[in-house]
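Just below is one structure, and these are the notes that go with it.
The values are calculated or read from the model by the stated rules, or taken from the named source; none is laboratory data. A quick note: this is a predicted structure, and the numbers were derived from the prediction, not measured. For neighbour counting, all protein chains shown are included, and Cβ atoms are generated from backbone atoms with ideal geometry for every residue, glycine included. These area figures cover heavy atoms from the full protein model, side chains too; ligands, DNA and RNA do not enter into them. Shrake-Rupley method; radii C 1.70, N 1.55, O 1.52, S 1.80 Å.
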Amino acid sequence: MMKENILYLWFQLALGVCNRLAGEIFSKFGNITDIYNCDDFSFLGKEKEKYIKRLENKDTAQAFEILKRCEQMGVGMVGYYGELYPKSLRSIKTPPAVLYYIGELRNLNDTPCVGIVGSRNMTDYGKSITEHFAYNLAQSGVCIVSGLAKGIDTAAHRGAIKAGGYTVAVLGNPIGDIYPKENLKAFETLYERGLVLSEMYPGCPRTRADFPNRNRIISGLSDVILVSEAGENSGALITVRHGVEQGKLIFAVPGSIGAENAGTNQLIKTGTPVATDPQDVLAPLLTRYPEMSRVYVPSATAKLRAYGNAKTKIDKEIKNSKSTKNEGIEKPTIAEASPRVEILEEPKVKIKNLKNAVDEIRLSGDVAETILSVLNDDKPMTADEIVTKTGLAVSEVMTELTFMEIDGSVTVSVGGRYTARKF
């Protein structure tokens, strides 16, 4: 394996990252050793003379040094001919010669994958709907693929992790050179609970094309691509273009009319299927992966319907109440009848089993909101103190704090003490 990894590194150093010649060469050979032993690459054509000369140079000293760096950093490698190399990437125009990774490398060839992409400058709506889709898809056994960028990418990874699912982050930079720097904690969380991939070896020179190039890998890994929120000229649309070229099924989540991030509406107008519910994305995957779990939490629409039913139930109980204490008391408003427990725990009218009725249809719980509710502006709190105050699990709090720090809703000071950010 070590010898093969050196040869893959030699090959990548000869051609560079994201070179279409790699696919042409791979199609003519059965393994990396045969490529290394080949002395005649004239089939590439005279115009590729500089690459031919590099391939004819069999010096592996630099490759050996990079391999040692990978081993020191705990970075794994899987080459084009490797058993765990994703088959879907072999069919794209420019397959990565080798993938560098940290985390748990699973067999993605037998796993349904959905790529979720969108704007870095997401709205609250975009964050909520992206987590909703990612959470439900991950619960059904779908691997969530995204790019670990700020915004929609982070929300997609967050949703998958909350569901206890598997998620893959494809970097546009070498592992160990995290960009932007505020994504470091998310990176650490992801490789502990999922997989981080890059086609760039540690220390690889950077170019302006790195991030657009990585988008072809996100789309290549994915069976389906979901655009959650994007501007009309968003970089996420590069992933869509790659996906269309690769024959992938694309879905778009509708955005608010006139909003800056309503680029998804343009996709819909040109014929891209609409996704208003995770089931829209799951349906085509179930035909391809019939053994896939069908665990599914009701959609936002179903939950809103449940909220309406709860209000109706409350109204009936008030109407039917014969208690003299209730005379002259008005019915609760829509806000009072909503499933937010902090409102309903102290209703104006005491109704039997009201809290139980609400608990049946309330959301699974907004961890971030719970954490923010206990943070003391005057006295920053440690993670342990937050766990004690909220009663949440340690792992749940630590994961949420990581993402809250990334999206700026909390700040952390020396000593690991957290404060809610004042907007």
Between Thr390 and Arg206, what is 0.36 nm times their sequence separation minus the Cα-Cα distance? Round to one decimal in nm.
61.9 nm
The value for segment 106-151 (convex hull of the alpha-carbon atoms, volume per residue, Å³) is 64 Å³
Which order do the peptides 136-142, 91-97 come out in when sorted by mean C-beta neighbours inside 10 angstrom, highest first?
136-142, 91-97
In whole Å, what is the distance between the alpha-carbon centres of segment 74-151 and segment 202-244?
11 Å
Rounded to one decimal in nm, the spacing of the 7 Å Cα→Cβ label points at Asn121 and Thr33 is 5.5 nm
For Lys127, Lys87, give the ranking by accessible area with the largest first, probe 1.4 Å.
Lys87, Lys127
Rounded to the nearest 10 Å², the accessible area of Arg417 using a 1.4 Å probe with every protein chain kept is 90 Å²
Quick one: net charge around Tyr81, please, counting Lys, Arg +1 and Asp, Glu -1 for every other residue with C-beta under 12 Å from its C-beta.
-1
Rg(Cα) / (2.2 N^0.38 Å) computed for segment 78-164, rounded to two decimals
1.18
